[in-house]
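Engineer: First the structure, then my questions, so here it is.
The values are calculated or read from the model by the stated rules, or taken from the named source; none is laboratory data. All values reported here derive from a predicted model rather than from experimental measurement. Don't worry about glycine lacking a Cβ; one is built from the backbone with ideal geometry, like all the others, and counts go over all protein chains shown. All accessible areas refer to the heavy atoms of the entire protein, side chains included, with ligands and DNA or RNA removed. Shrake-Rupley method; radii C 1.70, N 1.55, O 1.52, S 1.80 Å.
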Amino acid sequence: MTGRATDVVISGVGVISACGATGAAHLTALDGTRSEPDMATFRPYSVYRAAAFDVAEAIPSKSDRRQMEPWQHLGVAAARQALGDAGLMDTAALDGLYLNICANGGAREVEVDFEVLADLRASPDPDADLVAAQARKLRPSFLLGQLSNMLAGNLAIILGVGGGARTFMGDDMAGVDAMADAIARVAAGQCDRIMVGGVLDAERPDLMLAHALGDRLASDAVPSVLDPARRGVVPGSVAAFVVLESARVAQDRGAGPLAGVSPVSVAAEGPALVDILGQVASGPSIDAIYTSVSGAQPVTADAVKGLRSAHLDTPVTATADLVGHAVEAAFPFAVALAALSVRSGRERRILATTACESGAAALVVEAMA
(Lines give C-alpha, C1' and ligand atoms only; values in the text may rest on other atoms or scores of the structure.)
Protein backbone atom coordinates (compact mmCIF):
# COMPACT_ATOMS: atom_id res chain seq x y z
CA MET A 1 0.00 0.00 0.00
CA THR A 2 1.40 3.39 -0.97
CA GLY A 3 2.88 5.33 1.91
CA ARG A 4 3.25 2.33 4.21
CA ALA A 5 6.56 0.82 5.26
CA THR A 6 5.90 -1.63 8.05
CA ASP A 7 9.24 -3.28 7.33
CA VAL A 8 10.73 -0.47 9.46
CA VAL A 9 9.43 0.03 12.99
CA ILE A 10 10.02 2.29 15.96
CA SER A 11 10.73 0.12 18.97
CA GLY A 12 12.01 2.71 21.45
CA VAL A 13 11.37 6.38 22.23
CA GLY A 14 13.24 8.80 24.49
CA VAL A 15 12.05 12.39 24.96
CA ILE A 16 12.88 15.24 27.31
CA SER A 17 11.34 18.67 26.88
CA ALA A 18 9.25 21.26 28.67
CA CYS A 19 6.47 18.64 28.77
CA GLY A 20 8.52 16.38 31.03
CA ALA A 21 11.23 13.75 31.10
CA THR A 22 9.09 10.70 30.29
CA GLY A 23 6.97 9.48 27.42
CA ALA A 24 3.91 9.45 29.69
CA ALA A 25 4.35 13.16 30.47
CA HIS A 26 4.32 13.94 26.76
CA LEU A 27 1.12 11.99 26.21
CA THR A 28 -0.43 13.96 29.06
CA ALA A 29 0.61 17.18 27.31
CA LEU A 30 -1.30 16.06 24.22
CA ASP A 31 -4.41 15.88 26.42
CA GLY A 32 -4.08 19.55 27.29
CA THR A 33 -1.78 19.70 30.34
CA ARG A 34 0.79 21.95 28.73
CA SER A 35 3.83 23.78 30.01
CA GLU A 36 4.35 27.51 29.78
CA PRO A 37 7.46 29.19 28.40
CA ASP A 38 9.86 31.22 30.51
CA MET A 39 8.99 34.81 29.61
CA ALA A 40 11.31 36.52 32.10
CA THR A 41 14.91 35.44 31.50
CA PHE A 42 15.28 36.76 27.95
CA ARG A 43 12.48 39.34 27.94
CA PRO A 44 10.88 40.31 25.60
CA TYR A 45 11.61 36.88 24.18
CA SER A 46 10.49 33.52 25.56
CA VAL A 47 12.05 30.07 25.80
CA TYR A 48 10.69 26.66 26.76
CA ARG A 49 12.96 25.12 29.39
CA ALA A 50 13.52 21.37 29.54
CA ALA A 51 12.01 19.58 32.53
CA ALA A 52 14.34 18.50 35.30
CA PHE A 53 15.79 15.01 35.05
CA ASP A 54 18.33 12.96 37.00
CA VAL A 55 21.63 13.74 35.30
CA ALA A 56 23.58 11.45 37.63
CA GLU A 57 21.34 8.51 36.72
CA ALA A 58 21.76 9.18 33.01
CA ILE A 59 25.52 9.80 33.30
CA PRO A 60 26.88 8.01 36.40
CA SER A 61 30.48 9.20 36.07
CA LYS A 62 31.17 12.61 37.63
CA SER A 63 34.11 13.19 35.30
CA ASP A 64 31.90 12.47 32.28
CA ARG A 65 29.27 14.90 33.55
CA ARG A 66 31.84 17.64 34.14
CA GLN A 67 33.20 17.55 30.59
CA MET A 68 29.72 17.86 29.05
CA GLU A 69 27.50 20.91 28.75
CA PRO A 70 23.68 20.75 29.28
CA TRP A 71 22.96 19.91 25.63
CA GLN A 72 24.94 16.68 25.95
CA HIS A 73 23.35 15.86 29.32
CA LEU A 74 19.97 16.16 27.60
CA GLY A 75 21.05 14.06 24.65
CA VAL A 76 22.58 11.21 26.65
CA ALA A 77 19.58 11.06 29.00
CA ALA A 78 17.04 10.90 26.16
CA ALA A 79 19.11 8.35 24.25
CA ARG A 80 19.39 6.15 27.37
CA GLN A 81 15.62 6.41 27.75
CA ALA A 82 15.07 5.32 24.13
CA LEU A 83 17.39 2.34 24.48
CA GLY A 84 15.69 1.28 27.71
CA ASP A 85 12.27 1.63 26.11
CA ALA A 86 13.43 -0.61 23.26
CA GLY A 87 14.82 -3.18 25.69
CA LEU A 88 18.35 -2.76 24.38
CA MET A 89 20.22 -1.27 27.34
CA ASP A 90 23.12 -3.43 28.53
CA THR A 91 22.65 -5.95 25.72
CA ALA A 92 25.00 -7.28 23.08
CA ALA A 93 22.85 -5.55 20.46
CA LEU A 94 24.48 -2.22 21.40
CA ASP A 95 27.74 -3.37 19.84
CA GLY A 96 26.24 -3.08 16.35
CA LEU A 97 23.82 -0.22 16.94
CA TYR A 98 24.29 2.66 14.49
CA LEU A 99 23.69 6.31 15.36
CA ASN A 100 22.31 9.21 13.34
CA ILE A 101 22.62 12.41 15.37
CA CYS A 102 21.41 15.91 14.50
CA ALA A 103 22.65 18.80 16.63
CA ASN A 104 24.05 22.29 16.23
CA GLY A 105 26.87 21.95 18.71
CA GLY A 106 27.23 23.32 22.18
CA ALA A 107 27.74 26.51 24.08
CA ARG A 108 30.32 29.24 23.81
CA GLU A 109 32.13 30.57 26.85
CA VAL A 110 29.91 33.62 27.01
CA GLU A 111 31.82 35.24 29.88
CA VAL A 112 35.03 35.08 27.84
CA ASP A 113 33.22 36.57 24.82
CA PHE A 114 32.03 39.47 26.97
CA GLU A 115 35.55 40.06 28.31
CA VAL A 116 37.03 40.13 24.81
CA LEU A 117 34.35 42.51 23.52
CA ALA A 118 34.82 44.84 26.51
CA ASP A 119 38.57 44.94 25.92
CA LEU A 120 38.13 45.65 22.21
CA ARG A 121 35.97 48.72 22.88
CA ALA A 122 38.94 50.47 24.52
CA SER A 123 41.60 49.05 22.21
CA PRO A 124 43.55 51.29 19.82
CA ASP A 125 44.11 48.27 17.56
CA PRO A 126 41.07 45.97 17.91
CA ASP A 127 42.02 43.66 15.01
CA ALA A 128 45.40 42.80 16.51
CA ASP A 129 44.00 42.55 20.03
CA LEU A 130 41.23 40.20 18.82
CA VAL A 131 43.83 37.84 17.36
CA ALA A 132 45.82 38.00 20.59
CA ALA A 133 42.71 37.37 22.69
CA GLN A 134 41.84 34.29 20.66
CA ALA A 135 45.25 32.82 21.40
CA ARG A 136 45.27 33.86 25.05
CA LYS A 137 41.69 33.47 26.31
CA LEU A 138 39.92 30.88 24.19
CA ARG A 139 40.32 27.27 25.31
CA PRO A 140 40.65 24.87 22.37
CA SER A 141 39.71 21.96 24.62
CA PHE A 142 36.41 23.65 25.47
CA LEU A 143 35.60 24.35 21.83
CA LEU A 144 36.46 20.81 20.77
CA GLY A 145 34.16 19.46 23.49
CA GLN A 146 31.26 21.39 22.01
CA LEU A 147 31.49 19.99 18.48
CA SER A 148 28.20 18.45 17.37
CA ASN A 149 29.75 15.04 16.74
CA MET A 150 30.88 14.83 20.37
CA LEU A 151 27.36 13.70 21.32
CA ALA A 152 27.76 10.54 19.24
CA GLY A 153 31.14 9.97 20.87
CA ASN A 154 29.71 10.32 24.36
CA LEU A 155 26.82 7.98 23.54
CA ALA A 156 29.39 5.43 22.48
CA ILE A 157 31.45 5.86 25.63
CA ILE A 158 28.69 6.17 28.22
CA LEU A 159 26.01 3.88 26.81
CA GLY A 160 28.25 1.39 25.04
CA VAL A 161 26.93 1.97 21.53
CA GLY A 162 29.42 0.37 19.15
CA GLY A 163 28.14 0.88 15.61
CA GLY A 164 29.08 3.66 13.22
CA ALA A 165 27.79 7.19 13.69
CA ARG A 166 26.77 10.06 11.43
CA THR A 167 26.15 13.61 12.64
CA PHE A 168 23.97 16.04 10.69
CA MET A 169 24.14 19.82 11.10
CA GLY A 170 22.21 22.73 9.69
CA ASP A 171 18.68 23.98 10.18
CA ASP A 172 15.49 21.97 10.69
CA MET A 173 16.38 19.87 7.64
CA ALA A 174 19.29 18.27 9.49
CA GLY A 175 16.71 16.39 11.55
CA VAL A 176 14.88 15.43 8.37
CA ASP A 177 18.06 14.16 6.73
CA ALA A 178 19.06 12.17 9.82
CA MET A 179 15.63 10.49 9.96
CA ALA A 180 15.38 9.88 6.21
CA ASP A 181 18.86 8.36 6.05
CA ALA A 182 18.19 6.09 9.05
CA ILE A 183 14.87 4.77 7.75
CA ALA A 184 16.30 4.18 4.29
CA ARG A 185 19.28 2.25 5.64
CA VAL A 186 17.10 -0.11 7.70
CA ALA A 187 14.61 -0.55 4.84
CA ALA A 188 17.47 -1.40 2.44
CA GLY A 189 18.88 -3.99 4.82
CA GLN A 190 22.10 -2.07 5.39
CA CYS A 191 21.61 -2.45 9.13
CA ASP A 192 19.13 -4.14 11.47
CA ARG A 193 18.70 -1.20 13.81
CA ILE A 194 19.74 2.41 14.22
CA MET A 195 19.05 5.09 16.80
CA VAL A 196 18.27 8.51 15.39
CA GLY A 197 17.60 11.75 17.21
CA GLY A 198 18.64 15.24 18.05
CA VAL A 199 19.04 17.75 20.84
CA LEU A 200 18.90 21.50 21.33
CA ASP A 201 19.78 23.47 24.44
CA ALA A 202 17.74 26.60 23.75
CA GLU A 203 18.52 28.27 27.08
CA ARG A 204 21.87 29.69 25.98
CA PRO A 205 22.36 33.47 25.82
CA ASP A 206 24.53 33.17 22.72
CA LEU A 207 21.91 31.15 20.85
CA MET A 208 19.11 33.52 21.84
CA LEU A 209 21.26 36.46 20.76
CA ALA A 210 21.92 34.89 17.36
CA HIS A 211 18.19 34.32 16.81
CA ALA A 212 17.39 37.87 17.94
CA LEU A 213 19.99 39.40 15.63
CA GLY A 214 18.41 37.45 12.79
CA ASP A 215 14.99 38.89 13.73
CA ARG A 216 13.60 35.37 14.12
CA LEU A 217 12.21 35.50 17.65
CA ALA A 218 8.61 36.13 18.63
CA SER A 219 8.31 38.73 21.39
CA ASP A 220 6.00 38.95 24.41
CA ALA A 221 2.85 36.79 24.40
CA VAL A 222 2.42 34.99 21.08
CA PRO A 223 -0.48 33.14 19.48
CA SER A 224 -0.35 29.49 18.47
CA VAL A 225 2.00 28.46 15.70
CA LEU A 226 -1.14 27.49 13.78
CA ASP A 227 -2.52 31.04 13.94
CA PRO A 228 -1.86 33.08 10.76
CA ALA A 229 -1.08 36.04 13.02
CA ARG A 230 1.92 34.23 14.53
CA ARG A 231 5.21 36.00 13.88
CA GLY A 232 8.50 34.45 14.95
CA VAL A 233 10.00 31.55 16.86
CA VAL A 234 9.96 30.60 20.53
CA PRO A 235 12.92 28.23 21.00
CA GLY A 236 12.71 25.18 23.23
CA SER A 237 15.21 22.83 24.88
CA VAL A 238 14.43 19.38 23.52
CA ALA A 239 16.07 15.98 23.20
CA ALA A 240 14.30 13.30 21.16
CA PHE A 241 15.50 9.87 20.06
CA VAL A 242 13.85 6.88 18.43
CA VAL A 243 15.19 3.38 17.86
CA LEU A 244 14.43 2.13 14.35
CA GLU A 245 14.56 -1.57 13.60
CA SER A 246 13.74 -4.03 10.89
CA ALA A 247 10.26 -5.30 11.73
CA ARG A 248 11.50 -8.88 11.42
CA VAL A 249 14.39 -8.31 13.83
CA ALA A 250 12.22 -6.48 16.36
CA GLN A 251 9.50 -9.11 16.27
CA ASP A 252 11.99 -11.97 16.48
CA ARG A 253 13.39 -10.58 19.73
CA GLY A 254 9.90 -9.94 21.13
CA ALA A 255 10.17 -6.15 21.17
CA GLY A 256 7.04 -4.16 21.68
CA PRO A 257 4.97 -2.12 21.44
CA LEU A 258 5.96 -1.19 17.90
CA ALA A 259 4.93 1.52 15.45
CA GLY A 260 5.48 1.24 11.71
CA VAL A 261 7.11 4.18 9.96
CA SER A 262 7.07 5.14 6.29
CA PRO A 263 9.98 6.53 4.29
CA VAL A 264 10.45 10.29 4.51
CA SER A 265 9.22 12.32 1.56
CA VAL A 266 11.20 15.52 1.09
CA ALA A 267 10.60 18.69 -0.91
CA ALA A 268 13.32 21.22 -1.66
CA GLU A 269 11.30 24.23 -0.51
CA GLY A 270 9.06 24.76 2.50
CA PRO A 271 5.97 25.95 0.56
CA ALA A 272 6.12 22.70 -1.43
CA LEU A 273 4.95 20.68 1.59
CA VAL A 274 1.52 20.20 0.06
CA ASP A 275 3.15 18.63 -3.02
CA ILE A 276 4.55 15.71 -1.02
CA LEU A 277 1.60 14.97 1.25
CA GLY A 278 0.00 12.66 -1.29
CA GLN A 279 3.17 10.61 -1.43
CA VAL A 280 2.94 9.54 2.20
CA ALA A 281 -0.67 10.07 3.30
CA SER A 282 -2.57 7.87 0.86
CA GLY A 283 -4.28 4.69 1.98
CA PRO A 284 -6.11 4.60 5.34
CA SER A 285 -7.22 7.90 6.77
CA ILE A 286 -4.91 10.05 8.87
CA ASP A 287 -6.11 10.39 12.47
CA ALA A 288 -3.86 13.31 13.45
CA ILE A 289 -1.13 15.58 12.14
CA TYR A 290 1.89 16.56 14.22
CA THR A 291 3.87 19.34 12.59
CA SER A 292 7.14 20.84 13.78
CA VAL A 293 6.89 24.11 11.83
CA SER A 294 8.61 26.88 13.75
CA GLY A 295 6.44 29.98 13.58
CA ALA A 296 8.76 31.79 11.19
CA GLN A 297 6.85 33.39 8.34
CA PRO A 298 5.71 33.07 5.61
CA VAL A 299 6.73 29.41 5.49
CA THR A 300 4.73 28.43 8.58
CA ALA A 301 1.45 29.93 7.38
CA ASP A 302 1.92 28.36 3.94
CA ALA A 303 2.60 24.94 5.46
CA VAL A 304 -0.38 25.09 7.83
CA LYS A 305 -2.67 26.22 5.01
CA GLY A 306 -1.46 23.32 2.87
CA LEU A 307 -1.98 20.79 5.66
CA ARG A 308 -5.50 21.97 6.36
CA SER A 309 -6.48 22.02 2.71
CA ALA A 310 -5.15 18.50 2.16
CA HIS A 311 -6.63 17.13 5.41
CA LEU A 312 -9.64 19.31 6.07
CA ASP A 313 -11.08 17.48 9.09
CA THR A 314 -7.86 16.11 10.61
CA PRO A 315 -6.73 17.70 13.90
CA VAL A 316 -3.36 19.42 13.68
CA THR A 317 -0.94 19.75 16.61
CA ALA A 318 2.04 22.08 16.39
CA THR A 319 4.84 20.62 18.48
CA ALA A 320 6.29 24.11 18.97
CA ASP A 321 3.15 24.98 20.95
CA LEU A 322 4.07 22.18 23.37
CA VAL A 323 7.85 22.44 23.69
CA GLY A 324 9.04 25.39 21.60
CA HIS A 325 11.00 25.07 18.38
CA ALA A 326 14.01 22.75 18.56
CA VAL A 327 15.57 23.35 15.12
CA GLU A 328 17.55 20.17 14.29
CA ALA A 329 15.68 18.16 16.91
CA ALA A 330 12.24 19.44 15.86
CA PHE A 331 11.34 16.78 13.28
CA PRO A 332 12.72 13.87 15.34
CA PHE A 333 10.59 15.14 18.23
CA ALA A 334 7.45 15.15 16.06
CA VAL A 335 8.20 11.58 14.97
CA ALA A 336 8.90 10.49 18.56
CA LEU A 337 5.66 12.07 19.78
CA ALA A 338 3.74 10.35 16.98
CA ALA A 339 5.29 7.01 17.91
CA LEU A 340 4.34 7.46 21.57
CA SER A 341 0.77 8.27 20.57
CA VAL A 342 0.43 5.32 18.19
CA ARG A 343 2.07 2.82 20.53
CA SER A 344 -0.22 3.89 23.36
CA GLY A 345 -3.31 3.26 21.22
CA ARG A 346 -4.27 6.92 21.24
CA GLU A 347 -4.17 7.13 17.41
CA ARG A 348 -3.67 4.57 14.67
CA ARG A 349 -2.15 6.68 11.88
CA ILE A 350 -0.34 10.00 12.30
CA LEU A 351 1.23 12.27 9.71
CA ALA A 352 4.44 13.92 11.00
CA THR A 353 5.57 16.94 9.01
CA THR A 354 7.88 19.89 9.02
CA ALA A 355 8.62 22.87 6.80
CA CYS A 356 11.26 25.60 6.94
CA GLU A 357 12.89 28.03 4.56
CA SER A 358 15.12 25.33 3.05
CA GLY A 359 12.74 22.41 2.70
CA ALA A 360 9.79 20.36 3.85
CA ALA A 361 9.22 16.75 4.81
CA ALA A 362 6.56 14.27 5.88
CA LEU A 363 6.24 10.67 6.99
CA VAL A 364 3.53 8.45 8.45
CA VAL A 365 3.70 6.65 11.79
CA GLU A 366 1.09 3.91 12.12
CA ALA A 367 -0.07 1.10 14.33
CA MET A 368 1.18 -2.35 13.45
CA ALA A 369 -1.58 -4.66 12.18
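Engineer: Tell me the per residue accessible area of the chain using a 1.4 Å probe; a whole number in Å² is fine.
Structural biologist: Averaged over the residues of the chain, the accessible area is 40 Å².
Engineer: What nm distance separates the two modelled labels at R346 and A135, each placed 7 Å from Cα along Cα→Cβ?
Structural biologist: Label at R346, label at A135, 5.7 nm between them.
Engineer: Express the relative contact order of the chain as a whole percentage, based on alpha carbon pairs under 8 Å and six or more residues apart in sequence.
Structural biologist: 26
Engineer: List, largest first, the extents of the alpha carbons of the range 239-369 along their principal axes, each in whole Å.
Structural biologist: Result for the range 239-369: principal-axis Cα extents of 46, 31, 25 Å.
Engineer: Continuing with the same structure: When the helix-only estimate is applied to the chain (DSSP H runs of n ≥ 4, each -39,500 (n - 2.57), divided by the residue count), what is the mean residue ellipticity at 222 nm, nearest 500 deg cm²/dmol?
Structural biologist: It lands at -11500 deg cm²/dmol.
Engineer: Would you please classify the overall shape of the range 287-338 from the alpha carbon gyration tensor, given that a ≥ b ≥ c denote the square roots of the eigenvalues, rounded means a/c under 1.5, and beyond that prolate means a/b larger than b/c while oblate covers the rest?
Structural biologist: Since a/c reaches 1.5 but b/c is at least a/b, the shape of the range 287-338 is classed as oblate.
Engineer: Express the relative contact order of the range 37-189 as a whole percentage, based on alpha carbon pairs under 8 Å and six or more residues apart in sequence.
Structural biologist: 29 percent.
Engineer: Another question about this same structure. About its Cα centre, how strong a charge dipole does the chain have in debye, to the nearest 20, once Lys and Arg get +1 and Asp and Glu get -1 at the Cβ?
Structural biologist: Using only the charged Cβ atoms, the result is roughly 640 debye.
Engineer: Turning to a different aspect of this structure: With r defined as the distance between the Cβ atoms of A212 and D313 and R0 fixed at 41 Å, what FRET efficiency is calculated, to the nearest 0.05?
Structural biologist: My answer for the efficiency is 0.60.
Engineer: Still on this model: At 0.36 nm per residue, and after removing the present C-alpha to C-alpha distance, how many nm does the segment from E69 to D181 gain when stretched out fully?
Structural biologist: Roughly 37.6 nm would be gained on extension.
Engineer: Just the number, please: carbon plus sulfur as a percent of the accessible area of the chain, 1.4 Å probe, no ligands or DNA/RNA counted.
Structural biologist: Reported share for carbon and sulfur atoms: 53 percent.
Engineer: Mind checking the full-extension length gain between S358 and Q190? Use 0.36 nm per residue of separation minus the Cα-Cα distance, one decimal, nm.
Structural biologist: 57.6 nm
Engineer: Which listed residue (T28, A329, T354) has the Cα farthest towards the positive end of the charge dipole for the chain, taking +1 on Lys and Arg C-beta and -1 on Asp and Glu C-beta about the Cα centre?
Structural biologist: Going by the charge dipole, the pick is T28.
Engineer: I would also like to ask the following. Of A58, P205, V8, which is farthest towards the positive pole of the chain's charge dipole, taken about the Cα centre with +1 and -1 on the beta-carbons of Lys, Arg and Asp, Glu respectively?
Structural biologist: V8
Engineer: Another question about this same structure. Report the gain in length on full extension from V110 to V55: 0.36 nm times residue separation, minus Cα-Cα distance, nm rounded to one decimal.
Structural biologist: Stretched fully, the V110-V55 segment lengthens by 17.5 nm.
Engineer: Can I ask one more? In terms of the Cα gyration tensor, with a ≥ b ≥ c the square roots of its eigenvalues, is the chain rounded because a/c is under 1.5, prolate because a/b exceeds b/c, or oblate?
Structural biologist: Cα axes put the chain in the oblate bin.
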